[in-house]
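As C-alpha cells, the structure follows; a few thoughts come after it.
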Amino acid sequence: MDQAEQLRNVIKARNAVSHVSRVITVTSGKGGVGKTSLSMNLALQLHRQGKKVVILDADFGLANIEIMMGVHPTSNLADLMFQGKKLQDVIVTGPEGIGFISGGSGIKELASMTREQIFYVMQSLADLDNIADIIIVDTGAGITDSVLDFAAASEEILLVVTPEPTSITDAYALLKALNHTPEFQTSNTVIRLVANRVKNNREGQEIFDKVSMVAERFLNIKIEYLGNICDDECVSKAIIQQKPLLMSYPNSVAAKSIVQFSKELDHIEICTKEKGKGIKTFFTTLIHAKMKK
C-alpha cells in the first residue's frame, strides 16, 4: 500500500465531522501589499461579528502576524505534526480572543509524514473544524509552490493587489500559475480581489477591471470584486504599535473598509447553501499535492 492510498484510508476513517469550518486563504502575487494586515484585521472583525476565528500563518520562516499581533507562540504546526503536541498547545490566543497558529516549518514537511502522523494531524484538524467557524490562512508572498498549494486547496481566495504595475502583473502571474496547478478547480473556487492602498474608489475599480479582464479572457477564471482600501497612514502606525488597525484606529478609513468586507463575507456565508469542506479536507489536498512533488 503506497502513502497516497494510506492517506485516502485515513480520510475515510475520519470523515464523520459534525461541523466544518470555512477556510479563506489570503494571498498576493508579491510581498509588501498589506496581505498580513488584512488577514489579521479581517479575523478580528469577523470575531466581533460573533464568529470563532483562527488565523493560520502559512508564511513559514517569517513571523509577520506574530509581530503585528504582539504574540509569542512557543509551539507551531510542526510540533503538532512531529512532536505529538495537542491542538490546544499550538493555538495561541490573540487580540480579543481570536486564535492563532504558527505554521513554522510544518508546511514544508507535509510530504514526509508517516501514516501515523497523518492520522494524528487529521484527527487534530477535525477537532479544529469543530471549534472554529472561520479559518483565515495567511500565505507567504510571491509565487512559490507552497503559496500555490495553499491557494489551490482553498475554496475561497482573497487576492490582494495594489496600484503598482508590478503588483498587478504579479497578481495575473499568480492566477496563471494557479491555473496550471493540478489541484486547482475553477468551478469549486471563489476568488475575490481586494484593491489595497488606492487613491480612491475609481482607482480600485480600475485595478479590478484590469485583472479580471485578462483573467477571464486568457485563463477562463472569473474573479469577484470585494472592494478597495484607500491608502491610510493609520495602517503603518498600527503596525508599529503592534496592534490591529481595528483596535488602534477603529474610525480610520482603512478600518471602515475592512469592517465592510467582513460584513459582506459574513452575508455571503449566510446566503450560501452549499456546505464547505473544512480545514481537514483543505489539508488533505495539501498533502496530496506535496506527495506528487
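Note on Leu286, Leu56: ascending count of other Cβ atoms within 10 Å places them as Leu286, Leu56, the fewest first.
With contacts taken as Cα pairs under 8 Å and at least 6 residues apart, region 3-291 reaches a relative contact order of 26 percent. Computed from backbone phi, the HN-Hα couplings of region 183-195 come to 6, 6, 10, 4, 5, 10, 10, 10, 10, 10, 9, 10, 8 Hz, rounded to whole numbers (Karplus: 6.51 cos²θ - 1.76 cosθ + 1.60, θ = phi - 60°; Gly and Pro given as x).
Here the calculated FRET efficiency for Arg48 and Glu183, from their Cβ-Cβ distance with R0 = 51 Å, stands at 0.95, rounded to the nearest 0.05. Using Cβ point charges alone (K and R +1, D and E -1), the dipole size of the chain about the Cα centre works out to roughly 340 debye. Shown for Phe82, Phe218, Phe100: other C-beta atoms within 10 Å of each C-beta, ranked fewest to most, produce the order Phe218, Phe82, Phe100. Take the Kirkwood radius over Cα pairs of the chain, plug it into Stokes-Einstein at 4 °C and 1.567 mPa s, and you get 68 µm²/s for translational diffusion. When the Cα positions of Thr27, Phe150, Gln241 are compared along the charge dipole of the chain, Phe150 comes out farthest toward the positive end, with charges on each C-beta of Lys, Arg, Asp and Glu. Peptides 238-249, 200-211 ranked from most to least packed by the mean count of surrounding Cβ atoms within 10 Å: 238-249, 200-211.
Each value in this text was obtained by applying a stated rule to the coordinates, not by laboratory testing. Worth saying up front: this structure is predicted, and the values here are computed from it rather than measured. Please note: Cβ atoms are built from the backbone with ideal geometry, for glycine as well, and neighbour counts cover all protein chains shown.
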